[in-house]
Amino acid sequence: MNIVIKIENLSKQYRLGTVGTGTISHDLNRFWHKVRGKEDPYLKIGEENNDSNKGSSEYIWALKDINFEVKQGEVLGIIGRNGAGKSTLLKILSRTTAPTIGSVKVKGRVASLLEVGTGFHPELSGRENIFLNGAILGMTKQEIKKRFDEIVDFAGVEKYIDTPVKRYSSGMYVRLAFGVAAHLEPEILIVDEVLAVGDAEFQKKALGKMKDVSTNEGRTVLFVSHNMAAIQNLCTRAMMLESGKLLFSGQVNDTITYYLKSAVQREHTALLERKDRIGNGAILFTGFELKNSLNEGVNFFQTGGDFMMNILFNNNVEVIKELKIALGINNYLGDRILHLSNEMTNHVFRNITGKQGIIKITLPKLPLKHGRYAITLFSTVDGNIADWIQDAFYIDVEHGDFYKNGISLSNDQGYFLLEHEFYLTTF
């Protein structure tokens, strides 16, 4: 197969809080080195993007010495925790930012879906944005018209196609953006985690489309996701980034195994010390406690038993007008099994002034079967993301008698259990 992407000695450096060097003297010094054919002097100041080390330099390496190739028709999965450098890599491949060092060779047209809103003009309608994106890819008006109905049908936005996209919900935005990226015949399709915004039905359809364009049309796909099941089902190869470095590349299952082992090692990092969190820090999760019905600390839960969890946090603002908390429970492959939130139960917390707090979460009868589950913590303060930690910690669930009939069911019968009854009528 032909090689369509070749990355050699790729590195990307940022200066924290600034664009460029940030000072005239640094700019002049950098320019003087450049005209003399010498390396940028500030590259030697930077530290690696290691968020377990606070560091003292103004400069960090978002990516460092990355080398890999992608062949035509491959579906490459890219995994790694928040801050690993995945999005920076995709932005370089999409040509929305330039590398600091190294070479990037891309053969063919690239369509990318990096984040909600990328590539669309908010004031233009859905129809106008489809033609705009096609023109950017170098397609003629007639070529775009051929695919127009297919794109609109795939995205399910026919009713709103002439409405400015700034009025679209995030789900509609992503559906149309993915439809455009996948149907306007790019040789290379780059998709970031944004598919998580869509509903389950659309996610399934999008994954199917990516597999189709690779298998049947010979196009190349780069796919970033925290969902290991999606990576496993879709990708032909995978690689893992950590602190801006390429730690592992190989068969999909081998890469996932490597990633999961590293996730277990992070389990022993205190929540307050986690550096891969996202948010403005209005509150910060600091710890957790697992409890039984007697409010005693436990190391594991039991299927069908009481589930109680305390989440500890620090409040870093004067008054929290509105605090929303969500807890996601994923299996070991990253599939979302349960989602709990105080917004869904209409118990949003309001007018909080204390500097520390405990959020108590209860389930009267835990429906999860035997296994280990990853807990993701998410919060918003007054409508803005405050703290979000992917795989914040893990819980273990042991076999239990959910239906009180002496039978402990195996895990090949689904992930969780529900109360139900069967009735028989004969004639």
Problem set entry | Carbon and sulfur %, accessible surface of segment 206-324 computed with the full protein complex present, 1.4 Å | 49
For this session: Could you tell me what percent of the accessible area of segment 340-427 is made up of carbon and sulfur, with a 1.4 Å probe and every protein chain present?
Result: 57
For this session: Could you state the accessible area per residue of segment 120-267 in Å², with a 1.4 Å probe and every protein chain left in place?
Result: 45
Seminar exercise, completed: Violations at 28 Å Cα threshold for listed pairs Lys91/Lys275; Lys6/Lys211; Lys64/Lys105; Lys146/Lys211 -> none
Exercise. What's the FRET efficiency of Tyr423 with Ala326 using the Cβ-Cβ distance as r and R₀ = 35 Å, to the nearest 0.05?
Worked result: 0.45
Exercise. When the accessible area of segment 92-167 is split by element with a 1.4 Å probe, what percent falls to carbon and sulfur?
Worked result: 50
For this session: Mind checking the full-extension length gain between Asp212 and Arg372? Use 0.36 nm per residue of separation minus the Cα-Cα distance, one decimal, nm.
Result: 54.3 nm
Problem set entry | FRET E, pair Lys204, Asp153, Förster distance 22 Å, beta-carbon r, rounded to 0.05 | 0.85
Seminar exercise, completed: One finds the C-alpha centres of segment 112-166 and segment 339-407 to be spaced, in Å, by 38
For this session: Please say if segment 191-342 is rounded, prolate or oblate, where rounded means a/c under 1.5 for a ≥ b ≥ c the square roots of the C-alpha gyration tensor eigenvalues, and otherwise the choice is prolate for a/b larger than b/c and oblate otherwise?
Result: prolate
For this session: Could you do me a favour and compute the accessible area per residue for segment 314-412, 1.4 Å probe, result in Å²?
Result: 51
Exercise. Once label points are set 7 Å from the Cα along Cα→Cβ at both Leu247 and Thr140, what is their separation, rounded to one decimal in nm?
Worked result: 5.0
Exercise. Let a ≥ b ≥ c be the square roots of the eigenvalues of the Cα gyration tensor of segment 110-168; is it rounded (a/c under 1.5), or, if not, prolate (a/b larger than b/c) or oblate?
Worked result: oblate
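The values are calculated or read from the model by the stated rules, or taken from the named source; none is laboratory data. Source: prediction; values computed, not measured. Every residue, glycine among them, receives a Cβ derived from its backbone with ideal geometry; neighbour counts consider all protein chains shown. What goes into the accessible areas is simple: the full protein's heavy atoms, side chains included, and nothing from ligands, DNA or RNA. Shrake-Rupley method; radii C 1.70, N 1.55, O 1.52, S 1.80 Å.
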